[in-house]
């Protein structure tokens, strides 16, 4: 059984990769946890597309300002020097390449960096892609934070996305509960594994010919019936 890490451990790992001086957008859901693990005192400026630059941590229960929320409608705080602006100006920042990093969730990420994170095509899905599209194409680096497998055991890393796309060739790196993957011209490269997870197990779980970035080797995955069951 491969060892996975928790969402908070993964958020902390992502936070460690965000460089001093970066302007960062954290997507709705699990990516918002990254804010809790940014180094204290580091000059990392958080942007939210509903019109704020300089977003702080979640407030204490008695200090909630109903006018201060992120794009997911969660209460936030403002750091000294924070700025507020029109929604259109916020999207101009996103589309204009002014964000250094965004961290998004995903339903699927393709080997060429395509991202699908807004709809699975099923009834009840959100009706439109929203700001994720602008973040995916506008940020200088797009990090994905997700579980490697769906609840039914299917890989979220795929050769080609079957769900509606958010952005084409936009993902730089994928952080999962099993391992970290870089998107390269030759497909996914495993750059770090967690616990006792091996690259061979990752090939079996995903069905992809993953490259081991520590050795430079690539192998054909095991046939589907031989893959590790979960």
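Quick note: the coordinates plus some simple rules give every number you see, no bench work behind them. Because the structure is a prediction, the values reported are computed rather than measured. Cβ: placed from backbone, ideal geometry, glycine included. Neighbour counts: every protein chain shown.
Could you calculate the contour length gain from residue 65 to residue 17, that is, 0.36 nm times the residue separation minus the distance between their Cα atoms, to one decimal place in nm? Kindly include the intermediate steps, with their values, before the conclusion.
Working: separation 48, 0.36 × 48 = 17.28 nm, distance 3.05 nm.
Value of the extension gain: 14.2 nm.
Report the equivalent ellipsoid semi-axes for the chain in whole Å, largest first, defined as the square roots of five times the eigenvalues of the gyration tensor built from alpha carbon atoms.
Working: eigenvalues 203, 69, 54 Å².
Whole-Å semi-axes of the equivalent ellipsoid: 32, 19, 16.
Which distance in Å, rounded to a whole number, links the C-alpha centroids of the range 145-184 and the range 26-89?
26
For helix 7-16, report the angle its Cα long axis makes with the longest principal axis of the Cα atoms of the chain; keep it between 0 and 90° and round to the nearest 10°.
70
Return the FRET efficiency for the residue pair residue 159, residue 37: r is the Cβ-Cβ distance, R0 is 41 Å, and the value is rounded to the nearest 0.05.
On the way: r = 32 Å, r/R0 = 0.79.
In this case the efficiency is close to 0.80.
Which value in Å does the Kirkwood hydrodynamic radius of the range 28-89 take, with 1/r averaged over all unlike C-alpha pairs and then inverted? Walk me through the intermediate numbers first.
Numbers: mean 1/r = 0.0827 Å⁻¹.
The answer is 12.1 Å.
Given a Förster distance of 41 angstrom, what is the FRET efficiency for residue 128 paired with residue 3, based on the Cβ-Cβ distance and rounded to 0.05? It would help to have the intermediate numbers written out before the result.
Values: r = 38 Å, r/R0 = 0.93.
So, using R0 = 41 Å, E works out to roughly 0.60.
Could you give the length gained on full extension between residue 186 and residue 89, defined as 0.36 nm per residue of separation minus the Cα-Cα distance, in nm? Walk me through the numbers before you get to the answer.
Values: separation 97, 0.36 × 97 = 34.92 nm, distance 3.67 nm.
Separation in residues times 0.36 nm, less the Cα-Cα distance, equals 31.2 nm.
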